[in-house]
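As C-alpha cells, the structure follows; a few thoughts come after it.
The values are calculated or read from the model by the stated rules, or taken from the named source; none is laboratory data. In this text the structure is predicted, and so the values were computed from the model without any measurement. Ideal geometry is used to build each Cβ from the backbone, glycine not excepted, and the neighbour counts take in all protein chains shown. Please note that ligands, DNA and RNA were not included when accessible areas were found on the heavy atoms of the full protein model with its side chains. Shrake-Rupley method; radii C 1.70, N 1.55, O 1.52, S 1.80 Å.
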Amino acid sequence: MPIVNRAADLQPEIQAWRRDIHEHPELGYEERRTSAFVADRLREFGCDDVVTGLGGTGVVGVIKGKAPGKGDIRSIGLRADMDALPIEEATGLPYASRNPGKMHACGHDGHTSMLLGAARYLAETRNFAGEAIVIFQPAEEGGFGAEAMIKDGLFDRFAIDQVYGMHNGPGIPVGSFAIRPGPIMASTDAVNIHIEGRGGHAARPHLSIDSVLVGAQLITALQSIVSRSVDPLEAAVISMCEFHAGNARNVIPQTAELRGTVRTLTPEVRALIGKRVHEVVEGVAQLTGAKIDLEYVPGYPVVVNHAAQTDFAVTVASEVAGSGNVAEMPPMMGGEDFAFMLEKRPGAFIFCGNGESAGLHHPAYNFNDEAIVFGTSYWIKLVENALAA
Ligand code: NI
C-alpha cells in the first residue's frame, strides 16, 4: 500500500486546516495566528513537548516514539514554513485571503497543514523508536526564519540528528516527487548600488558625470562576470532588476540606484562573483569618475542535499508514490532558507508534486489539496523508516 491509510482518513481535516490558514495569511515574523493555531493543534494531539516563540514565531513539537532511540539516528527533524507573501490574491476561491495584500502564494499553508497531519498521526501511533521533532518556522520568504530558529537554539535545545524539508512543486504531477543529491537550490545574494555622479544640463554633458551612463556601463560590465569570469560548466545568474534615475528629459541626474540578485550553486562560484562584483564596481568608478557605493548583502546559502539522506528520501518517496514517480530534477536557481538547517545537520529537501497549478508567487497560485495525502504520507514514512521500532 503506497500511501498511509490513516493519512487518507485525515485528509478532510488536514484540508480544512489548510484552507483556514490560507484564509488568514501572515507575513514573515507576523505569523501569530498561524503559530498559535499550530501550537494548539500540537497540544491537542498530545505532543510530549510544544515550544513556541523560537526564532520569533517559530513552533517546535516533540513526539516520542513507543521505544527509546537506538543506533546512530535517534531523532529526526521535519520542517515546514508558515509565512505568506505580500501579494494580492486573485484566485477567487471561497477561502481566499481575508487579509488584503497578503496571500499564501507559495503553498506554505499546505506545508504547515501536511506536517500537522503527520504530527497528529505520529502522536497517535508512536510506531517508532526515538523522537520526531516537528519544526514550524517563520519567515522563509527572505526573512531568514530558519537561521533565526537556529540562533535561538533549535539544534541545541532539541536533539536532532537529521533534518528534512519539503516544498510543493507546480508542474510536477500530483502523487510524484522530485529531488537530487548535492546542490538543489541556489544561494541568493543581494546587490545594492548607489551612484553619485554630477548632475547638470542635458545639453552640457562635458560638465557632468552622467549617473545614467555609469549605471548602464555597470550593468553591462556586471553581465560580463557570468559570461567571462565563471566557468561555463558552472551555473550562475546576475540579474540587475531595478534601475532608478532621473525625472526630466533635459536633466542629467546626479544619482542613480541599481538593485539586483546573484544566484549560484557552489560556495566557490558564490565567492568568485562577490569578489568580481566589487572589482567591477571599483573599475567603473575609476573609468567614469563617479562615486559608487556597493552594498553586497549575503542572503541564503546554497541548499545542498546530503547524499545518503537523499537516497533515503528517494526510498521513502518511492514507497509512497511508486518508484517511477520520483524524478531526479535539475537544480533550481531559486533560494530556500532550509539551506541553513542543512549546514547544521545531514538531511534532504524534496519537492512534492502540485500538478499543473499557477507558479509559486503568482496571484492565481493555489496549493493543491490532492497532494496532501502524499506529502503527509512521506513525512510519516520518513519517521517510521528512519527510526524503525
Ligand atoms: Ni516557498
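Here's the yes/no breakdown for (1) of a type in the set (Val, Ile, Thr); (2) open to solvent by 50 Å² or more (accessible area, probe 1.4 Å); (3) touching a Phe, Trp or Tyr at 6+ places or on another chain (Cβ under 9 Å):
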| position | (1), (2), (3) |
| --- | --- |
| ALA67 | no, no, yes |
| LYS70 | no, yes, no |
| ALA84 | no, no, no |
| GLY92 | no, yes, no |
| THR112 | yes, no, yes |
| ALA118 | no, no, yes |
| ALA129 | no, no, no |
| ASP152 | no, yes, no |
Which of the residues that make up region 9-53 are more than 15 Å from GLY107 (Cβ to Cβ) and touching a Phe, Trp or Tyr at 6+ places or on another chain (Cβ under 6 Å)? VAL38
I need the full set of residues from region 179-214 which are under 19 Å from VAL284 (Cα atoms) and in contact with a Leu (Cβ under 6 Å, 6 or more places away or on another chain), in order please. ILE193
State all residues of region 204-217 that are hydrophobic (A, V, I, L, M, F, W, C) and open to solvent by less than 70 Å² (accessible area, probe 1.4 Å); if no residue qualifies, say none. ILE209, VAL212, VAL214, ALA216
Given (1) within 17 Å of ARG180 (Cβ to Cβ); (2) open to solvent by 30 Å² or more (accessible area, probe 1.4 Å); (3) more than 16 Å from the ligand (Cβ to nearest atom), identify the lone condition not met by VAL251. (1)
Looking only at region 311-324, count every residue that is open to solvent by less than 10 Å² (accessible area, probe 1.4 Å), farther than 11 Å from PHE349 by Cα and either out of contact with any Ser or Thr (no Cβ under 6 Å at 6 or more places or on another chain) or in a strand (DSSP E or B) (or both) and tell me the total. 2
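Residue by residue, here is whether (1) more than 16 Å from the ligand (Cβ to nearest atom); (2) open to solvent by 10 Å² or more (accessible area, probe 1.4 Å); (3) in a loop (DSSP other than H, G, I, E, B) holds:
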| position | (1), (2), (3) |
| --- | --- |
| ALA80 | no, no, no |
| ASN99 | yes, yes, yes |
| LEU122 | yes, no, no |
| GLY142 | no, yes, yes |
| ILE160 | yes, no, yes |
| GLY165 | no, no, no |
Among the residues of region 46-65, which ones are open to solvent by less than 20 Å² (accessible area, probe 1.4 Å), out of contact with any helix residue (DSSP H, G or I) (no Cβ under 7 Å at 6 or more places or on another chain) and either over 20 Å from ALA146 (Cβ atoms) or in a loop (DSSP other than H, G, I, E, B) (or both)? GLY65
Is it the case that region 272-290 has a residue that's farther than 30 Å from ASN192 by Cβ, modelled with pLDDT of 95 or more and not basic (Lys, Arg)? no
Within region 317-328, does at least one residue satisfy the condition of being more than 16 Å from the ligand (Cβ to nearest atom), of a type in the set (D, E, K, R) and under 15 Å from ILE3 (Cα atoms)? yes
Looking at region 361-380, is at least one residue closer than 26 Å to ALA236 by Cβ and not in a helix (DSSP H, G or I)? yes
Being open to solvent by less than 20 Å² (accessible area, probe 1.4 Å) and either acidic (Asp, Glu) or within 16 Å of the ligand (Cβ to nearest atom) (or both) is the filter here; which residues of region 167-176 pass it? HIS167, ASN168, GLY169
Spot the failing condition for LYS70; the list is (1) modelled with pLDDT of 95 or more; (2) among the basic types (Lys, Arg); (3) away from the ligand (no atom under 16 Å from the Cβ), and only one is missed. (1)
Suppose we keep only residues that are touching a Cys at 6+ places or on another chain (Cβ under 7 Å) and within 16 Å of the ligand (Cβ to nearest atom) within region 360-386. Which one would you say is farthest from GLY165 (Cα to Cα)? HIS361
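Let's see how each residue does on (1) touching a residue at least 24 places away in the same chain (Cβ under 8 Å); (2) open to solvent by 30 Å² or more (accessible area, probe 1.4 Å); (3) under 26 Å from the mean Cα position of the chain (by Cα):
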{"position": "GLY246", "(1), (2), (3)": "yes, yes, no"}
{"position": "GLU257", "(1), (2), (3)": "yes, yes, no"}
{"position": "LYS275", "(1), (2), (3)": "no, yes, yes"}
{"position": "GLU282", "(1), (2), (3)": "no, yes, no"}
{"position": "PRO301", "(1), (2), (3)": "yes, no, yes"}
{"position": "GLN309", "(1), (2), (3)": "yes, no, yes"}
